[in-house]
Every structure is written in C-alpha cells, then in structure tokens.
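Shown next, in structure tokens, is the structure this report addresses.
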Amino acid sequence: RKEVEQDPGPFNVPEGATVAFNCTYSNSASQSFFWYRQDCRKEPKLLMSVYSSGNEDGRFTAQLNRASQYISLLIRDSKLSDSATYLCVVNDNDMRFGAGTRLTVKP
Amino acid sequence: NAGVTQTPKFQVLKTGQSMTLQCAQDMNHNSMYWYRQDPGMGLRLIYYSASEGTTDKGEVPNGYNVSRLNKREFSLRLESAAPSQTSVYFCASSGSLLTEAFFGQGTRLTVV
C-alpha cells in the first residue's frame, strides 16, 4: 500500500462547480498535513495547511480525519484559474507527496 | 529574497557522466529535501536533511548522494547517470520537518 494515495482524476468540471478531493495515508503517526498546487511544469506551491479542526481559506476548505486517516480538499465556486494538479502531503518527519489529482475547470 | 534557488535549470548528460545539482535557500530553514518528479507522477523523496550535518534516505535514494554543505546549501550528486534518472528534480526547504516546504523552480535533467 502506498503511503499517500490520491484519486488521480482527471476531474473536469464547469465553472462554478464544487469539487472535492480525498487523500488517504497509511502512517497513523503522521503529524502534519498540507495541500499543494502544481501548475504544468512549475514547482509545487503551498495551498493550505490542514488542521485537526478543519480550516477554510476563501473558497477552499481542508479537513483532516485522523480516525480514518484521510484528508480532504473542497473547492467551491471553481474558477478557470483553479485548473492545476493538487497534491496532498503527509508529514512524519519526512515530507511525502501523493501522486496528485488533476483538475480542469471549463467555461 | 530569492527563497530556494536551484542550479542548473536544464542539463543533458550522457550515460555514465556525473554531475551535482546545487540548491541554496536564504530563509534560514533547518530542513531541506530533494525530490524527483517523472511525467504524470507525483514527487518522490530522494534524500532529506533534518538539520545541518544530518542526511537521511527517502523513498528512492539509489544512484544518488547528497551533501548538506552548511545550513543554506544541500547538493545532490549523480555519480554515474543512467537514462532512468531522466526527470525533473526539485529542491525544497522548511523551517522544520513538520512545517510547510518551499520549492525551487526545478532542474530538468535528461540522460541520453
């Protein structure tokens, strides 16, 4: 079993749609969690950290479920500019990335 | 403030050649990482350094060596390049092993 697993997609959604991504992890001792965004042929950039209580940043909401060992990212009112690959990161003293979920938002 | 700087940005090597990828950060971060990303795939951790003077293997360390030269610099060396090492290499740094990482712009390496 991979340490960090994501649905690879692709997700193709119309503008304004709500889309959710999930990511499961195998190491129950993992201590910190993040969502990154990667545009084609660019470096990953931090989208948001994921806290136990859940957190929201504008149209983006991240959740952590330690009991079931998964994290989620919800994007509301999606924009064309949200098209990218979204990478979940699980950190247990070494930062491990999921393979990424590709999102395309269409007009 | 440059953040994380990687050199070179592009490189073509012949099979068997050696080279060193350089990475430097100016954020006074303790931890540094090297990843590779193959087409259509996520990032795989090659080596990381929790702090100056320490290095540890990641998921795919075979064929690579690293040096944490000082707090700012973390280099990745390919002693004898193979076509399977054709990839995009990213260096990253973070304040600690548990905080978010910031990435360099990547090195696109082709081994022919």
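The values are calculated or read from the model by the stated rules, or taken from the named source; none is laboratory data. Predicted model only: the values in this text are computed from it and were never measured. All Cβ positions, glycine included, derive from the backbone under ideal geometry; neighbour counts span all protein chains shown. The area values use the complete protein model at the heavy-atom level, side chains included, leaving out ligands, DNA and RNA. Shrake-Rupley method; radii C 1.70, N 1.55, O 1.52, S 1.80 Å.
Observations on the model:
- Restricting the stretch B:96-112 to residues that are open to solvent by 10 Å² or more (accessible area, probe 1.4 Å) and facing another protein chain (nearest Cβ under 9 Å), the residue that is farthest from B:Ser49 (Cα to Cα): B:Arg108
Conditions (1) at pLDDT 95 or above; (2) open to solvent by 60 Å² or more (accessible area, probe 1.4 Å); (3) out of contact with any Ser or Thr (no Cβ under 6 Å at 6 or more places or on another chain), marked per residue:
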{"position": "A:Arg41", "(1), (2), (3)": "no, yes, yes"}
{"position": "A:Pro44", "(1), (2), (3)": "yes, no, yes"}
{"position": "A:Tyr51", "(1), (2), (3)": "no, yes, yes"}
{"position": "A:Ala62", "(1), (2), (3)": "yes, no, yes"}
{"position": "A:Asn65", "(1), (2), (3)": "no, no, yes"}
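Each row is one residue, and each column tells you yes or no for (1) within 18 Å of B:Ser93 (Cα to Cα); (2) within 14 Å of chain B (Cβ to nearest Cβ); (3) part of a strand (DSSP E or B).
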position	(1), (2), (3)
A:Ala67	no, no, no
A:Leu73	no, no, yes
A:Asp77	no, no, no
A:Ser81	no, no, no
A:Leu87	yes, yes, yes
A:Arg96	yes, yes, yes
A:Leu103	no, no, yes
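- Within the stretch B:69-87, residues that are in contact (Cβ under 8 Å) with a residue 12 or more places away in the chain reach partners that are acidic (Asp, Glu) with beta carbons closer than 7 Å, at six or more positions or on different chains, in the pairs B:Asn70/B:Glu52; B:Lys71/B:Glu52; B:Arg72/B:Asp26; B:Ser87/B:Asp38.
- Any strands (runs of 3 or more DSSP E) falling wholly within the stretch A:1-51 and containing at least 3 residues that are at the interface with chain B (Cβ under 9 Å from one of its Cβ atoms) and in contact (Cβ under 8 Å) with a residue 24 or more places away in the chain: A:32-38
- Set A:Ser72, A:Ser68: member being small (Gly, Ala, Ser) and in contact with a Cys (Cβ under 9 Å, 6 or more places away or on another chain): A:Ser72
- Qualifying residues in the stretch B:96-112 (those that are outside any loop (DSSP other than H, G, I, E, B) and among the aliphatic types (A, V, I, L, M)) - the one farthest from A:Asp92 (Cα to Cα): B:Val111
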